[in-house]
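Worksheet for the structure shown next.
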Amino acid sequence: MNKRLALLACIAASAAAIASAGPAAANSRDYDVLADGLLSPLHVTATPGKSLLVSQDFAGKLNRINRDGSTESLSTDTPQGWEVAGADTRGSTTYFLESVGAGQGDQAGLHGYLKSIDSSGDVESIANFADFERRHNPDGDQHYGFGDDVSAQCLATWPNFPPAAYRGMVDSHPYALAVRGDTAFVADAGMNAVLKVDLKNGDIDTVAVLPARPAVIPAGLRIPTDMMGGTAEVPACVVGHEYAFEPVPTDIGIGPDGMLYVTSLPGGPEGAELGARGAIFKINPWNGDTDLWGGHHEPHGLGGRRQR
């Protein structure tokens, strides 16, 4: 699933919530501004040195905010138009994700990497997620959309986007990162999967494919029909039937119990019409067993102490 569309909706909703709080809330702030003037600072990571790594995703930049409030830009060698997403550290090495071409488009134009920056500023590519997705497509056997209870005649009236019924498509958007020892765990919002990368040789393995997120379609629901904000009302014949939406992993963390914790936005419409469909998944990194904690609206980030 193309994560950028979902994020823009989430940002807009957050901005609206802040605006609705009114002047009283603005005048009683209980926070300090560490840095401003950032474009889409969607990932924040605390480092052992007590500085912060902040990605400006849509600008393709990675910044370090120091304890004294100063900000420095890390040279990532990211091409123009690409996105920089999650970052983490191990010792003096910084790891980060970059990608371009997420979405159901030209497979050849799909690129995504895990890279590192050492203490000398040298950048190295470690793993290629787009190649892994083209070869393996972890959610390729997972069904999304309507089930057999909806007739073919009815499905023909459904808008082309998103598809009425389909299997996981070739799409990669490496989005969130957590490092422990010689392993990097990556939540990929295009693959709908959690991956692990051997930092010594760049080998990628699938830890778990996140389950589809079904929702009963209500009457009058409007769904997005394109990437430009277009919508359409659902056909009457699908009302009351379940549609299995794609999960959209947004962050990953390693708990003190060694388990992985992954936040997930609700695929598809993000308003209140379909209920609180966001989720947090608890994943066993050794066998992929996955537990779901649902009932969240739009969880986007995790925080807590992590053992490295």
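Taken together, the values in this text are just the output of simple stated rules run on the coordinates, not laboratory data. No experiment lies behind these values; they were computed from the predicted model shown. Neighbour counts are summed over all protein chains in view; Cβ atoms, including those assigned to glycine, are modelled from backbone coordinates with ideal geometry.
In Å, what Rg and Dmax follow from the Cα atoms of the stretch 179-226?
16.8, 52
Once you put a point 7 Å from the Cα of His136 and another 7 Å from the Cα of Trp293, both along the Cβ direction, what distance in nm separates them?
Distance between the two pseudo-spin positions: 2.7 nm.
Using the basic label-point model (7 angstrom from Cα toward the beta carbon), what is the Ala35 to Glu72 distance in nanometres?
1.2 nm
What's the local net charge at Thr231, with K and R +1, D and E -1, over the other residues with C-beta under 15 Å away?
Details: positive: Arg222; negative: Asp226, Glu233, Glu270, Glu273.
So the environment of Thr231 carries a net charge of -3.
Compute the signed sum of charges (Lys and Arg +1, Asp and Glu -1) over the other residues within less than 11 Å, Cβ to Cβ, of Met259. Kindly include the intermediate steps, with their values, before the conclusion.
Numbers: positive: Lys282; negative: Asp257, Asp289, Asp291.
Combined, the nearby Lys, Arg, Asp and Glu give -2.
Once you've got the GNM for the chain with C-alpha springs shorter than 10 Å, pick whichever of Val248, Val186, Val239 has the biggest mean-square fluctuation.
Fluctuation is largest for Val239.
Determine, from the Cβ-Cβ distance of Met228 and Thr157 and an R0 of 30 Å, the FRET efficiency 1/(1 + (r/R0)^6), rounded to the nearest 0.05. Please report the intermediate quantities before stating the final value.
Values: r = 22 Å, r/R0 = 0.73.
The formula returns an efficiency of 0.85 here.
Quick one: angle between helix 3-20 and the longest Cα principal axis of the chain, in degrees between 0 and 90, rounded to 10, please.
For helix 3-20, the angle is close to 80 degrees.
For the chain, what is the relative contact order in percent, using Cα pairs closer than 8 Å and at least 6 residues apart in sequence? Provide the component values of the computation, followed by the final result.
Details: 729 pairs, mean separation 38.8, N = 308.
Averaging sequence separation for qualifying contacts and normalising by length gives 13 percent for the chain.
Based on the Kirkwood radius over alpha-carbon pairs, what is the Stokes-Einstein translational diffusion coefficient of the stretch 41-182 at 4 °C with 1.567 mPa s viscosity, in µm²/s?
Details: Rh = 17.1 Å.
Rounded, D is 76 µm²/s.
Per DSSP H run of at least 4 residues, take -39500 (n - 2.57); add these up for the chain, divide by its residues and hand me the 222 nm value, nearest 500 deg cm²/dmol. Present the calculation step by step, with values, prior to reporting the outcome.
Numbers: 4 runs with 36 residues, N = 308.
It comes out at -3500 deg cm²/dmol, rounded to the nearest 500.
Enumerate lysine pairs in the chain that are 8 or more residues apart or on different chains, then count those whose Cα atoms are under 19 Å apart.
Details: Lys3/Lys61; Lys61/Lys115; Lys115/Lys196; Lys115/Lys200; Lys196/Lys282.
Taking the Cα cut-off of 19 Å, the pair count is 5.
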